[in-house]
Amino acid sequence: DVSSPKHGKVDPDNMPHVGGNMWAGGTGGRDTAGLGGKGGPYRLDAGHRVYQVSQAEKDAVPEEVKRAAREMGQKAFKRRLKEIQMSEYDASTYERFSGAVRRQVQSLRIILDNLQ
């Protein structure tokens, strides 16, 4: 069961973590920032293969946990904007322009990775 969202512990060795309720950047777990899990406050990619929990499990997360996760994610987003000296308007403008060329940038990244 999910209890309350949190960032989670950071693994200094960046080992892949699947499931559980402890590690930041893990996959398929609960309550912590990561990918493919449920009840976490925000997505956090540590570069590992993603294991996805079912949509039914995600839908079963209590509303108060979803609300707490959204609030925690918004606070983290605003804190990060402040760190990089960016306003919410700047972020939305950046996202609008970035979204328009996202596919082309991804294609260019693939080409450059293959050239390396």
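The values are calculated or read from the model by the stated rules, or taken from the named source; none is laboratory data. Being a predicted model, the structure only gives us computed values, none of them experimental. Cβ placement follows ideal geometry from the backbone for every residue including glycine, while neighbour counts extend to all protein chains displayed. To get the accessible areas, we keep the full protein, side chains included, count just its heavy atoms, and leave off ligands, DNA and RNA. Shrake-Rupley method; radii C 1.70, N 1.55, O 1.52, S 1.80 Å.
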Can you tell me which residues in the range 106-116 are of a type in the set (A, V, I, L, M) and exposed (fewer than 11 other Cβ atoms within 10 Å of the Cβ)? Ile110, Ile111, Leu112, Leu115
In the set Ala76, Ala68, Ala46, Ala91, which member is more than 25 Å from Pro16 (Cβ to Cβ) and either open to solvent by less than 30 Å² (accessible area, probe 1.4 Å) or within 14 Å of the chain's Cα centre (by Cα) (or both)? Ala91
Taking the condition assigned by the TED database to the domain that holds Arg80 and within 13 Å of the chain's Cα centre (by Cα), does Gly19 pass? no
With the structure loaded, tell me whether Ala60 is in contact with a Pro (Cβ under 8 Å, 6 or more places away or on another chain) and either closer than 18 Å to Asn21 by Cα or among the aliphatic types (A, V, I, L, M) (or both) or whether it fails that test. no
